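A quick write-up on the structure given underneath.
Readers should treat all values here as calculations from the given coordinates under stated rules, not as data from a laboratory. This one's a predicted model, so the numbers in the text were calculated from it and none came from an experiment. Glycine also receives a Cβ, built like all others from the backbone with ideal geometry; neighbour counts cover every protein chain displayed.
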Amino acid sequence: MSHQIGLRLGKNTGDRHRFERVANEAFAASPDLVDAAGRDLEWIVLRDPASTGLLPAFLNFKGYVALQAWRVSNWLWRQNRRDLALLLQSESSDSLQVSIHPSASIGTPVLLDHGTGVVIGSFVTIGDEATIQQNVTVGGKAESPNRAPRIARGVLLSAGATILGDISIGDFAKIGAGSVVTGDVPSGCTAVGVPARLTNCPQPVPA
């Protein structure tokens, strides 16, 4: 995994070796990162009907590599090595088209499906078993940048969805393709449209 991170993020041999060393350091110091990488890989096979096995996903799914690079950058952030953490974010954005702020919190397993055009801002929280498709944006609003979305377990963020502000997305909710969500979505509900409206909720939603 460290080699994959270095290979995908490094623009030259020196950078590739540097990022590989940093990833090795993180994985050695925090074995839970290795466990998370394994669960994320298994989740790809379970969730993506196009996946043909663990090895093709490991070698070819850039969203998977981007997520593990974020896990390393998050470890660096928590070690107060923030310049290096932000460098990893920048290189992931440039090379893989996935920009996840090191201060975000993301559970496991998680699938970045197609892994292109994904932006996850600072202080965002995403729970276990999430699926995030291409061109998804999750972040705070300009007037409250430190109060970002909280996304619970098992949520589907469909292609082109935008989730903004100090809001909560409940367990197993679904955000429809191209939707813009600026308010809470209760557990089990589907949010669709611009601005998003709630549908298919398991319980009546108060007006």
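Selection within region 84-141: residues that are acidic (Asp, Glu) and buried (at least 19 other Cβ atoms within 10 Å of the Cβ). The member of this set that is farthest from the chain's Cα centre (by Cα) is Glu91.
When Ser95 is tested against (1) in contact with a helix residue (DSSP H, G or I) (Cβ under 8 Å, 6 or more places away or on another chain); (2) closer than 24 Å to Glu42 by Cβ; (3) polar (S, T, N, Q), only condition (2) is not met. Considering (1) in contact (Cβ under 8 Å) with a residue 12 or more places away in the chain; (2) over 20 Å from Ala69 (Cβ atoms); (3) not basic (Lys, Arg), the lone condition that Ala142 does not fulfil carries the number (1).
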